[in-house]
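Every read-out reported here was derived from the displayed coordinates using simple, explicitly stated rules and does not represent laboratory data. Keep in mind the model is a prediction, meaning the values are calculated, not measured. Don't worry about glycine lacking a Cβ; one is built from the backbone with ideal geometry, like all the others, and counts go over all protein chains shown.
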Amino acid sequence: MNDKALYFSGWLLLVATGFGLGEAAVKSFAPAGRTSAGPTEEAGRVVRLVDADTYDVLAGGVTYRVRLMGVDAPEPDQPYGHQAADSVARLLGPKQSVLVTRRGVDLYGRALATVRLPVAGKPALALDSLLVVRGWAWAFDPKRRIAGRAAQQASAVAGRRGLWKCGAVGVLAPRQWRKLNYKNKRRYGVGCTW
């Protein structure tokens, strides 16, 4: 089932529950083949890197766009955006398999997901944690669900890794960057010299 159909069926569920149509009506709108057991992990591979936290993933014969949960990486036109994307591209080689757990859909129709990299003989590594520890993304965990996420970012800042190379002063988070106009982006878009 594609994301638009999933979005529409979710909307119908919302309407059905809002109007009190009952449990039977809600079950009739639920997508076929979906269970309420929660998200499942599926194997796939990244076929296109949009930016450091957005990818096109091929899994189960279907390609869908994934927005990595738990982090916010620099935009492509933002300082360190290309370096962050290059760092992820090196991790996700052309034949690198990934484990994807979809957890919802964002406002842009992207699947919100966690991505893990399998390592032979060891537990799979969470890509979001790797980005934060290496200093290529901001930790985004407003409800503090992931233990140690703030400590990971503090470690990257203290070690001056990635976008924290010149310290935390003057580094704009992507949510701030997106609010700037062209003139201000040119003013603040210099970054740190490599």
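For a straight C-alpha distance cut-off of 14 angstrom, the aspartates and glutamates reachable from Lys183 (same-chain residues fewer than eight places away being disregarded) are Asp77. Taking 7 Å steps out from each Cα toward its Cβ at Lys95 and Gln176 produces label points 4.4 nm apart. Net charge near Tyr182, counting Lys/Arg +1 and Asp/Glu -1 over other residues with Cβ under 14 Å of its Cβ? Neighbour charge sum, excluding Tyr182 itself: +4. Relative contact order for the stretch 38-190 using alpha-carbon pairs under 8 Å, separation at least 6, rounded to a whole percent? Averaging sequence separation for qualifying contacts and normalising by length gives 21 percent for the stretch 38-190.
At full extension, Ala154 and Arg187 could sit 9.2 nm farther apart than now, given 0.36 nm per residue minus the alpha carbon distance. Extension gain for the segment Leu112 to Val62, taken as residue separation times 0.36 nm less the Cα-Cα distance, is 16.4 nm to one decimal. A crude spin-label estimate for the pair Leu125 and Arg48, with each label 7 Å from Cα along the Cβ direction, gives 2.7 nm. Ordering 98-109, 66-77, 51-62 by mean Cβ neighbour count within 10 Å, with the highest value first, yields 66-77, 51-62, 98-109.
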